[in-house]
Structures are given as structure tokens and as C-alpha cells.
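Q: Have a look at this one before I ask anything.
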Amino acid sequence: MLEGHHGNADVGARARAAAWGILTIDLGALIANYRLIAARVAPARTAAVVKADGYGLGAAAVAGALAAAGCRDFFVALLDEALDLEPLLPPDARLYVLNGLPAGSEALCAGAGIVPILNSLDQARRWRATAAALGRPLPAPIQVDSGMSRLGLPADAVVVLAGEAGFFDDVPLTFVMSHLACADETGTLANEDQRRRFDTLAKLLPPAPRSFANSGGCFLDDAFHGDLVRPGISLYGGAPLPGANPMAAVVALAARVVQLRDVPAGQGVGYGLTFVAPTPRRLATIGVGYADGWLRSLSNRGAAWFGGVRLPIAGRVSMDSIILDVTDLPEGALHEGDLVELIGPHQSIDAVAADAGTIAYEVLTSLGRRYARHYVGGPAFPSQAEANA
Ligand SMILES: *Cc1c(COP(=O)(O)O)cnc(C)c1O
């Protein structure tokens, strides 16, 4: 959420002064990631998936920066997200709704110039009926299910739609898309299987560009790129495939030490006293907790960093705080108010996710609303407050 989102220009300054956690979002790194992918998949076009508030980083800021870098195709999951974002995009940008539309919202969507992905016969027919009611064609992409069994027309529905007289006059086919279930696994047969099924299903429809690849797919071979790729997590610095991550880090998270204490051997720490000091320990309480997206599964598992030293989490993650074992730091190195690194050069979003038993997507989209947010390195773009003015 951008500064001033609440219509109060002081909110940003207040958050900077009052927050215990500081979230820095490097829009320059975001743009570098976009360009890296665009160069890799060219001549395919590179869209940006900015659903879930730009994977938690602020859809307005993220999309604004990518638009300034030349991106013109944006995907969100929900119409609501699209309606918020649409006024902030350049007039020639295209904005797609991945989940398609709940019944009754078609006219609202069409009126805003937003395009739903048609995922089912029902969604397709309702969109066609809207075109008929408005008396003009309403172009849209169709998603086919090439094997993931989540969204998109299964083969029998593709055949039915292809046989509906005049459908593609009312709903010109923008592109045909599908989604990979195992894009982050190289060498799996599932990807090749889906590619073949996608090809077969697409050929049942009128000739149209194809969109297939998410982040992982962009880094599979060219056969997976199609005409329009849809990266999300890799734009935000997440590894598109296991192994060395070619993306630049976009997110840094630092949190302040609220309080320091020394405890004797045998002292229990945090809710449930699940950590018991094995020897005398020095502890630091940090003002970030699970309400800020520092997942509770990091209890007794994750860490923070300070001065190149790993500071393990001692005990359970609380709602608003965590306790670090800082005994390994030199005496007097850490003070109340100092910032420790939660995400940064020592600890990537993928590393945090691995500690938490999840994926970087969940780490990013869980980041809470209580951080002071700094956007750095980006081109000038209007804040939401300015755009609404
Ligand atoms: C979320 C999503 C993407 C982006 O996936 P990443 O793995 O984040 O790159 C692309 N396409 C569809 C249909 C999605 O739902």
C-alpha cells in the first residue's frame, strides 16, 4: 500500500517514525528482473503478474514501475484487484483477471476495459451474453486445462465451445492460455505432457497467440514460452527454478530490537516455554511477529542476522514479536533500537521460506500492513493518492 493511501499524507511519516519493522522494496531490481526475463523469452512478450497486491509488495507501485519499464500486460486474480489497478496503468496497457468473473460482474468489468480470462463454459457464455447486451464484440483470452485440474476448460468443453456458432465473432480470441503444474521442476515428464495437451487443445480453437509460462516456465526451454509469458515470483526476486537464483533481490526486511536481556541456564523463553536456555544466554526481542507475516512455523527454526552473525529464533513466534538468541554477538554489539536483518543479503525470501516449511510466495504475500514501507530505485510514478486526486 502506498504512502497516502488512506488520504492522509502524514501516514507515511508516522509509519516511518513508529514502525518496528522496515520493508524496503527495490523497484530498480524489480525492473532488472523484468528485463532479464524479457530478454530471455524474446520475441515472446513479457507480462507481469501483480495479483495479491503485487505479491504483497504493493500492486500500484510494482505495476507503475513495470509500466514505466515498458510492460503493457498485467494479470491480477480478482476483478476487485483489477478495478483498483486499472486507473493507475497507462491507457494502452491490458489488464486481465485470472480467475474470471463471478456471475453478475461482467458489465462492471467490461465497462472498466478490464478483460477476464474465460475459464469455463459458463464464464465464456456469460461474457458472450454481455457482448450481446452491449452490442459490441468483447475480446477475451480462453484458458484450457492442460493437466493441472484447477482453472480452464477441459477438453470436452473446448470442443463444445469451438462448436458454438458465432461465439468467436462475439468474443474474438485474444490468446489461448494454460498453466503449468510443475514449472519449477526441470526434467519432469509432466511439463512435456502439459505442453502437448495445450497444443492439442489450442488447435481446436481459432488461431491465436499462446500464453503458457509462469516464472518457472520462462526458464524452461523455448517450447514453453509461447507468445506471452506470465512471470510473478521471479519479478519479485524469488527463484524461478531450484538451484542458483538468477533474479535480483527486491525485498529487504529489517526489524528493531525492542528489548535486550540476559537469562540464566534453565530459563524458559516465549509462549509455552518451548525454548529453554541450555547455558546463560543473551536474548533480544524484535518487534515483528506472525501478524506481520513472520510465520509461526519459524518458531525455534528461523533466524535473523546482525553484523554477519546468525541469530536463531528462540521459542515461539508471537503475534507482535520474536525473541532472538544473540549470545554469539560480541558483548555490547547490539543495542535496543538497532535493526536486525530478517530478509536481505544473508537471508533470501527462499531461505526464509525453506526455514518456515513453505514457499517464497507465501512469505511475500503474508507480509503484513504494519511495516514502514520504502520504495527505492524506481522511476517516478504517481502515488495512489496522486492518482486518485
Ligand atoms: C500466479 C500465476 C502466475 C505467476 O506465477 P509465478 O509462479 O509467480 O511466476 C502465472 N499464471 C497464472 C495463471 C497464475 O495463477
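The values are calculated or read from the model by the stated rules, or taken from the named source; none is laboratory data. The structure displayed is predicted, hence computed values, not measured ones. Every residue, glycine as well, gets a Cβ built from its backbone with ideal geometry; the counts of neighbours run over all protein chains shown. Only protein heavy atoms, including side chains, enter the accessible area calculation; ligands, DNA and RNA are left aside. Shrake-Rupley method; radii C 1.70, N 1.55, O 1.52, S 1.80 Å.
Q: With Rg and the Kirkwood Rh both taken from Cα atoms, where does Rg over Rh land for region 1-111?
A: Ratio of gyration radius to Kirkwood radius: 1.02.
Q: For region 100-112, just list the computed ³J(HN,Hα) in residue order, Karplus coefficients 6.51, -1.76 and 1.60, θ = phi - 60°, integers in Hz, with x standing in for Gly and Pro.
A: x, 10, x, 3, x, 9, 5, 5, 4, 5, 4, x, 8
Q: Once Rh for the chain is found with the Kirkwood sum over Cα pairs, what is the Stokes-Einstein diffusion coefficient at 25 °C and 0.890 mPa s, in µm²/s?
A: Answer from the Stokes-Einstein relation: 108 µm²/s.
Q: Return the Cα extents of region 177-300 along principal axes one, two and three, sorted largest first, each rounded to a whole Å.
A: Taking the Cα atoms of region 177-300, the three principal extents are 72, 26, 26 Å.
Q: On to the next question. Go ahead and set up a Gaussian network model of the chain, Cα springs under 10 Å, then flag whichever of Gly152, Gly64, Gly344 fluctuates most.
A: Between Gly152, Gly64, Gly344, it is Gly344 that shows the largest mean-square fluctuation.
Q: Sticking to Cα atoms, compute the Rg of region 102-202 to one decimal and its Dmax as the biggest Cα-Cα distance, whole number, in Å.
A: In Å, with Rg to one decimal and Dmax whole: 14.7, 48.
Q: Another one. Quick one: the Cα spread of region 223-364 along its three principal axes, in angstroms, biggest first?
A: Computed over region 223-364, the largest-to-smallest principal extents equal 62, 29, 24 Å.
Q: Continuing with this model, one more query. Using only Cα atoms, what Kirkwood radius does region 177-228 have, in angstroms?
A: By the Kirkwood definition, the hydrodynamic radius is 11.0 Å.
Q: With the chain treated as a Gaussian network of Cα nodes joined by springs under 10 Å, which of Leu283, Leu235, Leu118 yields the largest mean-square fluctuation?
A: Of the options given, Leu283 has the highest mean-square fluctuation.
Q: Which distance in nm do the two modelled labels at His374 and Asp221 give, with both placed 7 Å along the Cα-to-Cβ direction?
A: 4.5 nm
Q: Springs between alpha-carbon pairs under 10 angstrom, Gaussian network model over the chain: which of Pro139, Pro172, Pro330 fluctuates most?
A: The residue with the greatest mean-square fluctuation here is Pro330.
Q: How many Å² of accessible area per residue for region 258-354, probe 1.4 Å?
A: Counting only protein heavy atoms, the per-residue value for region 258-354 is 45 Å².
Q: May I pose another question? May I ask for log10 I(q)/I(0) of region 247-291 at q = 0.17, 0.19, 0.28 Å⁻¹, from a Debye sum over the Cα atoms as equal point scatterers with solvent left out?
A: -0.63, -0.71, -1.06
Q: Take the solvent-accessible surface of the protein heavy atoms, probe 1.4 Å, and return the percent of it on the chain that carbon and sulfur atoms account for.
A: Summing carbon and sulfur atoms, their accessible area is 54 percent of the total for the chain.
Q: Next question, about the same structure. Run the paramagnetic zone check for Ala291: 7 angstrom along Cα to Cβ, then residues of region 311-342 with backbone nitrogen under 11 Å.
A: 319-321
Q: Now for a different question. Pull out the extension gain between Thr279 and Val258, defined as 0.36 nm times the separation in residues minus the alpha carbon to alpha carbon distance; nm, one decimal.
A: 5.3 nm
Q: Now for a different question. So what is the accessible area of region 1-137 per residue, in Å², with the probe set to 1.4 Å?
A: It amounts to 41 Å² per residue over region 1-137.
Q: 222 nm [θ] for the chain, helices only, -39500 (n - 2.57) per DSSP H run of 4+, per residue, to 500?
A: Taken over the chain, the calculation gives -8000 deg cm²/dmol.
Q: Also, I was wondering about something else. Counting pairwise Cα distances across region 223-277, what percent come out greater than 20 angstrom?
A: 60 percent
Q: Using a Förster distance of 45 Å, how high is the FRET efficiency between Asp328 and Ala112, based on the Cβ-Cβ distance and rounded to 0.05?
A: Using R0 = 45 Å, I get an efficiency of 0.25.
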